[in-house]
Amino acid sequence: MHSFLSKLPASRLHRGDGNGKIAGKTGLHAAMAEHKPQPAVSHGFTLLVSLSTLLVFVVVVLSAYIRLGDAGLGCADWPACFGQIGVHDNRSLAEGGPLLPPSAARSFHRVAATLFGFFVLGITFLAFRHRKRGGPDVVLPLIVFGLTVFLSVLGVVTPSPLIPAVTTGNVLGGMAMLALLWWIGLRIQPQTAPDSAAATQLLPWARLALVVVAAQIALGAWTSGSFAGPSCAQLSGCESANFSVQNLARGYEPTRRLERDAQGKVMTDASTPVVHMTHRTGALLTFLYLGWLGFKARTGGGHLRTSGNVLLAMLALQIMLGLAGVATGLPLLLVTAHNAGAALLLLAVVNLNHRVTPNKQP
Ligand code: HEM
């Protein structure tokens, strides 16, 4: 009997019609299945969360690709053409043009974003339905839903690429949705990690890592939104960066709106290289902190060791992408990959947080 039951797919043993009746099963087998508690979340919910996580990653990276392409990264007459917003690079791939033409990127983005919106609606609906059977908290799905609405409205009301705060809001909003969906997906998995002393000790540091990586992503998005990428072309640094209080205040003015000259090119000033170099300084601090945390997690053994390894790998990848981007004159694909690398690094930090967070008490 045992071997017979063990050959059945687990999902068939779990699935009921919600009224305690098991479709297509009879006798002892049905009775056993009837006594199985209903899982806290349905397969549909798990599938929707997984697909949405994948989709929001695609949407985040495609939006970066479109925005950076519009700003002129990798344009034909680089760097003179940088800052001529929306003058698209229509060269073919053979002529050194973009791998993905801007029009195709926009179409993919629209389809993925629309599909994502429907999936988030589905997740929110199912989260409410699963509440009674001990499913995940509805707060996080509601936040994801709220962010989706907020970002759609932000895109319509302030479509200008000249406001660094809007660019930063868009990047952070997308990353937050990705992180939340990843977290929901991790927390609905059967929990295997035992609560250990090492995990308890790491918990506050892992939480702080979330703040550090979010701040570094914000600094990167602000650099991009301030059109500050090409202002420091040297890997060794930027001689023109004068870290005066005035330049810092101007560079990070929350309501700043960039100006354009008579030719329509975005104008920069003395605060632009300061914004760039602040992001690089943040990268050094992030590297030191996450590097320390990754090595500390490795000493915890088991899942913590794996999470530490993943964190270190993503950190190394992201730093290398940043350095390579500057060294090669900010090609569009490499800077887009730097955006994707930031997303993966954030997921690695969320994953470590999952590993050190105690299991939910039944
Ligand atoms: C943990 C480390 C890092 C993180 C999390 C990070 C994150 C980011 C993010 C999210 C952006 C915005 C991308 C976009 O427009 O969507 C960005 C932009 C940028 N990052 Fe980083 N970064 C890191 C390290 C570095 C390093 C080491 C460098 C180079 C030394 C670098 C150079 C740049 C530059 C130049 C831009 C602006 C690109 C542009 O012109 O738009 N970053 N970064």
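Just so you know, all these numbers are worked out from the coordinates, no wet-lab data involved. Only a predicted model underlies this, so the values are computations on that prediction, with no experimental measurement involved. In this analysis, Cβ positions are derived from the backbone assuming ideal geometry, glycine residues included, and neighbour counts consider all displayed protein chains.
Tabulated data for the structure shown
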| quantity | calculated |
| --- | --- |
| In region 292-340, the residues that are more than 25 Å from residue 171 (Cβ to Cβ) and in a loop (DSSP other than H, G, I, E, B) | 299, 300, 301 |
| Residue match in region 61-78 (condition: touching a residue at least 40 places away in the same chain (Cβ under 8 Å), touching a strand residue (DSSP E or B) at 6+ places or on another chain (Cβ under 7 Å) and under 24 Å from residue 326 (Cβ atoms)) | no |
| Residue within region 208-220 that is away from the ligand (no atom under 13 Å from the Cβ) and out of contact with any Pro (no Cβ under 7 Å at 6 or more places or on another chain) present | yes |
| Those residues of region 326-342 which are near the ligand (Cβ under 10 Å from one of its atoms) and in contact (Cβ under 8 Å) with a residue 24 or more places away in the chain, in sequence order | 326, 327, 330, 332, 335, 336, 338, 339, 340, 341, 342 |
| Matching residues in region 223-252 - criterion: being surrounded by 16 or more Cβ atoms within 10 Å (Cβ to Cβ), more than 8 Å from the ligand (Cβ to nearest atom) and not basic (Lys, Arg) | 226, 231, 238, 241, 247, 251, 252 |
| Selected residue [aliphatic (A, V, I, L, M), touching a residue at least 24 places away in the same chain (Cβ under 8 Å), under 26 Å from residue 252 (Cβ atoms) and surrounded by fewer than 21 Cβ atoms within 10 Å (Cβ to Cβ)] from 172, 186, 154, 203 | 172 |
